[in-house]
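For reference, the structure is listed below as structure tokens.
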Amino acid sequence: MQRPDDFEKRKKHLENMTDEELDRYFWELANKIVEPLIELAKTHTSPSIERSVLLRMGFNSLQAQELVKKIHEKGLLGKGAGNVVLSLAQKKKLNYIQAGEALIEGKYWDEVEDIFKGVDTR
């Protein structure tokens, strides 16, 4: 079944727009399209996304996997693995690689829980 060609009718509201108005309208529509995706990304993550973030921060894949596992076990994955590591690094005045390595070794989890105490971790 072929769709009827109604382009001429659908483009009527665009005909009198300037290039600037068309550009602005394009970006307005583009933002409407991606807005739900941005909202979803703000509230949803996954272990694979968080591992990817840690890899880009400079952790190797084994370190990233272990950090995500431990952060997930603590119920903090929704805060972002990179955020957890960076927050600890700032509190302890460490660079973030040292902070991540310390978490892998089992250190500083009490401090991490204090940092995020009372924060919604969903």
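FYI, it's all coordinate maths here, none of it is from the lab. Since the structure is predicted, the reported quantities are computational estimates derived from the model, not experimental observations. Backbone-built Cβ (ideal geometry, glycine too); neighbour counts: all protein chains shown.
Tabulated data
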| read-out | value |
| --- | --- |
| Cβ charges +1 (Lys, Arg) and -1 (Asp, Glu), total dipole of the range 1-72, debye | 560 |
| For the range 55-63, 3J(HN,Hα) per residue [Karplus equation, 6.51 cos²θ - 1.76 cosθ + 1.60, θ = phi - 60°, Hz, x = Gly/Pro] | 4, 6, 7, x, 6, 7, 5, 5, 5 |
| Candidates 112, 53, 34: whichever shows maximal mean-square fluctuation once the chain is modelled as a Gaussian network with Cα springs under 10 Å | 34 |
| CD proxy at 222 nm, helix term only [per DSSP H run n ≥ 4: -39500 (n - 2.57); per residue of the chain; nearest 500] | -20500 deg cm²/dmol |
| Over the chain, relative contact order from alpha-carbon pairs under 8 Å, at least 6 apart, % | 20 |
| Debye, to nearest 20: dipole size of the chain, +1 on Lys, Arg Cβ, -1 on Asp, Glu Cβ | 440 |
| Dipole of the range 47-115, positive direction: furthest Cα of 72, 104, 62, with charges on the beta-carbon | 62 |
| D_trans [Stokes-Einstein, Kirkwood Rh over alpha-carbon pairs] for the chain, 4 °C, 1.567 mPa s, µm² s⁻¹ | 74 |
| Karplus-derived 3J(HN,Hα), 6.51/-1.76/1.60, for each residue of the range 15-32, Hz, glycine and proline x | 4, 9, 7, 6, 4, 5, 5, 5, 4, 4, 5, 4, 5, 5, 5, 4, 5, 5 |
| Those lysines that a straight Cα-Cα span of less than 26 Å connects to residue 9, excepting residues fewer than 8 apart in one chain | 32 |
| Orientation-averaged projected area, Cα convex hull of the range 29-91 (nm²) | 5.0 |
| Reach of residue 79 by Cα under 13 Å, taken over aspartates and glutamates that are not fewer than 8 positions away in the same chain | 50, 113, 120 |
